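Notes follow the structure.
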Amino acid sequence: MPDGKPQVTLKERLDALRMLPAFFKLVWDTNPWLTVANAVLRLIRAATPLAILYIGKIIIDQVVQLHNGKSVDTHQLWWMVGIEFALAIGSDALGRVITLLDSLLGDLFSNHTSVRIMRHAATLDLDQFEDATFYDKLERARQQTTGRTVLLSQVMSQVQDLITMGFLAAGLLVFNPWLILLLLVAILPAFLGESYFNDKTYALTRGQTPQRRELDYLRYLGASDDTAKEVKIFDLSDFIIDRFKTLSDKFYLDNKRLSIRRSVWGTVFALLGTAGYYGAYIFIIIRTVEGQLSIGDLTFLAGSFRQLKSLLETILSRFTSVSQGAIYLRDFFEFFDIQPKITMAARPRPFPDVIREGFTFEDVGFKYSNAERWANRHLNFTLKAGEKLALVGENGAGKTTLVKLLCRLYDPTEGRILLDGVDLREYDLAELRLHIGVIFQDYLRYQMNFSQNIAVGNIGEQFNEPLIEDAAHQSLADTVVAKLPNGYQQALGRRFNNGVDLSGGEWQKIALARAYMRDATVLILDEPTAALDARAEYEVFQRFAELTHGKSAILISHRFSTVRMADRIMVLEKGTVLEIGSHEELLARDGRYAELFHLQAAGYR
C-alpha cells in the first residue's frame, strides 16, 4: 500500500461485480415499470445499427447497378431509402426516450437510496457515529446515492451495446473471422490501460476520504452563518483559507499527475486501435478492388468494422468503469452491513406503568471504541422512583455519558442497569426512550418553523397545536413566540428565506419545551439553563419542580444554586462516584462537593 493509499487487485474488482444483482434489485425496488420500459427500449435500439447498415448496402448496390445500366426496381429503392430514414429517426427518438428514462430512474434511485441510508443510520448506535472509520463509510455511502445512478445507465448501455456488437460481429465472421482477431489485438492494450488507471483513480479517491471530509468542514467554517461570528472576532479567515488551499492544492497535484499519465498512455493505445482499424479497412478495399466484394459489401463491412471497433472500445472501457463502479458500490453495501450492537430483546418487556424501585446501576462501566480511558467505571447507585438526582462534576467527569447509558443510547461495557429489578436490555427500546424526556446541552437548532422546533420532542404529535403551545408555556418559550411576526409558523434560522435567528437563551427555552412534549416518566436536563438569565432560570426550575412532582428526574448543572433543589446530589470524578447525598449531608462531610460549593459561592460575595 504505497503512500498509504489502498490498492485494488483484479480479484477485488471481479468480486465487486457480484454486487450488481443486489444493485439491480435496488433499481427494481425503486420503480419496476421504468426499469422494464428502459430495458425493452434499449433492446429494440440495439438492433437498429445493423438494420441501417444492411439497408444502406442494398441501396448502394442498387444505385451501382443503375449506374452500370442494369435493370433495378426504383420503387423498391425508394422504399429502402424511406425505411432507412425511418430507422434513423426512430433510433434517435429511442435514444432520447432512453436518456429521459435514465434521468427519471436515476433521480428516483438517488432519492430511494438516500432514504434507505437515513433509515439504516437511524438504527445504528450513538457510539458508532462517534467513530472516524464509521464516518468514512457513511460519507462514501452518501456519495454512492448520486454517483451510482451513472452505473445504472452504464450497465444497461453495456448490455445494449453487447447485443448490437453480436449482430455486427456475425456479419464480419461470415466474411473473415481474422478481422475479429485483429480488432481484439488492437483494442486489448487500451482496455488494460483503462483498467489500470481506473484502479489508480479509485485508490486515490478512497485514500482521500478523511481529508475530503476535512475539506468540506473547512468550506463550511469559512462561509457559514453559524461560524461567521467567531471567524471574524478571532480573525480566522486566513487560517482557514490557508488550510483549505493546502489540502485542495495537494488533491489537485495528485489528480493532475494521474490525469497526465492517463492521457499520455491513452493516446498511445488509441493510436494502436486506429492502426488496427485501417489495417482491416485496407484489407476490405483490396478484396473489393479484386472483385470479390461489391461496393455495397464494402460499405457494409467497413461500416460494421468501424462501428464494431467503436463499440468494442466503448464496451471494454465501460467494463472497467462498471467494475470500478461496482467497487464503489461495495462501499454502499458495506454501510448496510454495519449492524447496531444495541438490539431489542427477543420478547421485550413493556415499560412499567409505574416505576416502583427505580433505576439501579450495578458496577457499570463504559469505554468508548478505541479509547484507552474509561468514561465511567464502577457506578453503583439507584435513581429511586420519584427522586430528583443532580449530577455534579468537572467537564469530562462522565455526567453526560451516564445519562446516555440510562437512555440506552449506549450499553454498558461492563456491569448492568436495572429498572425495577429487570435488566434495561429486556425492555422495549422504543418504549423506554419514549418514557424518557431528555434535553442535552448540545441540542440542535433546527432550521424549521417554531412549532416544528418544539414538536421534534415528540414528532408523532407535530400537529397537536394545544400540546405544542402547552409545552412552550411550561418552558417559557411562549414569551419568545409572542415577539415573532408569524407566531408558531415563523421560520427559525438564517439558512432559508424569511428566517429569524434567536438568542442562545431563546433557543434554550425552545429546547426545554421539547422535553415537555411527551408525558415522560423520567425527565433529564443536561445543563438546561446555561444561556438563561437569573430570573428565567429561577422560573424554569420552579416549573420543573412542579412538572416533575412524583416523577424521577436527573439534573446536570454547574450551578449549585440549581442543584440544591435535588433530593440527592451525586459528585462524579474521572467517571466514578465520589460522593452522594443531600446538599446538607455533602456540606457536612466537607468533601469535594463542599469545596466546589464554597469556591462558587465565593464568586458571588
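The values are calculated or read from the model by the stated rules, or taken from the named source; none is laboratory data. Note that this is a predicted model, so its numbers are computed, not measured. We place every Cβ from the backbone using ideal geometry, glycine too, and count neighbours over all the protein chains shown.
Could you say whether any residue in the range 285-298 is under 30 Å from residue 22 (Cβ atoms), crowded, with 18+ Cβ neighbours inside 10 Å and in contact (Cβ under 8 Å) with a residue 24 or more places away in the chain? No, there is no match, as no residue in the range 285-298 is under 30 Å from residue 22 (Cβ atoms), crowded, with 18+ Cβ neighbours inside 10 Å and in contact (Cβ under 8 Å) with a residue 24 or more places away in the chain. Residues in the range 564-592 that are in a strand (DSSP E or B) and either under 43 Å from the mean Cα position of the chain (by Cα) or free of Cβ contacts under 8 Å to residues at least 12 places away in the same chain (or both): 569, 570, 571, 572, 573, 576, 577, 578. Restricting attention to the range 559-601, the residues that are aliphatic (A, V, I, L, M) and over 26 Å from residue 366 (Cβ atoms) total 6.
Condition check for residue 456 on (1) farther than 19 Å from residue 512 by Cβ; (2) touching a helix residue (DSSP H, G or I) at 6+ places or on another chain (Cβ under 8 Å): one failure, at (1). Taking the criterion of being part of a loop (DSSP other than H, G, I, E, B), over 17 Å from residue 441 (Cβ atoms) and either under 38 Å from the mean Cα position of the chain (by Cα) or touching a residue at least 60 places away in the same chain (Cβ under 8 Å) (or both), the residues of the range 539-563 that qualify are 548, 550, 551. Here residue 484 clears all of (1) touching a Phe, Trp or Tyr at 6+ places or on another chain (Cβ under 8 Å); (2) in a helix (DSSP H, G or I) except the condition numbered (2). What about residue 50, is it in a helix (DSSP H, G or I), in contact with a Phe, Trp or Tyr (Cβ under 7 Å, 6 or more places away or on another chain) and modelled with pLDDT under 85? Yes, satisfied. On the stretch given as the range 490-522, residues that are assigned to a helix (DSSP H, G or I), surrounded by 12 or more Cβ atoms within 10 Å (Cβ to Cβ) and of a type outside the set (Asp, Glu) total 10. May I ask you to verify whether residue 440 is on the phi < 0 side of the Ramachandran plot and more than 34 Å from the chain's Cα centre (by Cα)? Criteria not met by residue 440.
The set of residues in the range 26-57 being surrounded by fewer than 18 Cβ atoms within 10 Å (Cβ to Cβ) and charged (D, E, K, R) consists of 29 alone.
From the list 388, 384, the lone residue that is surrounded by 18 or more Cβ atoms within 10 Å (Cβ to Cβ) and either in the same structural domain as residue 356 (by TED's automatic domain parsing) or under 31 Å from the mean Cα position of the chain (by Cα) (or both) is 388. Note on the range 479-504: residues that are modelled with pLDDT under 85 and either over 33 Å from the mean Cα position of the chain (by Cα) or among the hydroxyl-bearing types (Ser, Thr, Tyr) (or both) total 1. When residue 237 is tested against the conditions (1) surrounded by fewer than 16 Cβ atoms within 10 Å (Cβ to Cβ); (2) among the hydroxyl-bearing types (Ser, Thr, Tyr); (3) modelled with pLDDT under 75, the lone failure is (3).
Looking at the range 342-355 only, could you name the residues that are basic (Lys, Arg) and either loosely packed, with under 12 Cβ neighbours inside 10 Å or in contact with a His (Cβ under 9 Å, 6 or more places away or on another chain) (or both)?
347
Residues in the range 115-127 that are surrounded by 15 or more Cβ atoms within 10 Å (Cβ to Cβ) and in a helix (DSSP H, G or I): 116, 117, 120, 121, 127.
Residue count for the range 449-481 under the criterion of being surrounded by fewer than 18 Cβ atoms within 10 Å (Cβ to Cβ) and not in a helix (DSSP H, G or I): the result is 3. Among the residues of the range 339-361, those that are within 30 Å of residue 397 (Cα to Cα) and either in contact with a Pro (Cβ under 9 Å, 6 or more places away or on another chain) or of a type in the set (A, V, I, L, M) (or both) comprise 342, 344, 355, 361.
Take residue 529 and decide whether it is of a type in the set (S, T, N, Q), within 39 Å of the chain's Cα centre (by Cα) and at pLDDT below 70. Taking the combined requirement at face value, the residue satisfies it. Residues in the range 391-417 that are at negative phi and touching a Gly at 6+ places or on another chain (Cβ under 8 Å) were compared, and the one that is surrounded by the most Cβ atoms within 10 Å (Cβ to Cβ) is 399.
Tell me yes or no: at least one residue of the range 428-440 is under 18 Å from residue 568 (Cβ atoms), touching a helix residue (DSSP H, G or I) at 6+ places or on another chain (Cβ under 6 Å) and either loosely packed, with under 15 Cβ neighbours inside 10 Å or not hydrophobic (A, V, I, L, M, F, W, C) (or both).
No, the range 428-440 contains no residue that is under 18 Å from residue 568 (Cβ atoms), touching a helix residue (DSSP H, G or I) at 6+ places or on another chain (Cβ under 6 Å) and either loosely packed, with under 15 Cβ neighbours inside 10 Å or not hydrophobic (A, V, I, L, M, F, W, C) (or both).
Being assigned by TED's automatic domain parsing to the domain that holds residue 581, closer than 30 Å to residue 594 by Cα and at pLDDT 90 or above is a condition met by at least one residue of the range 417-431.
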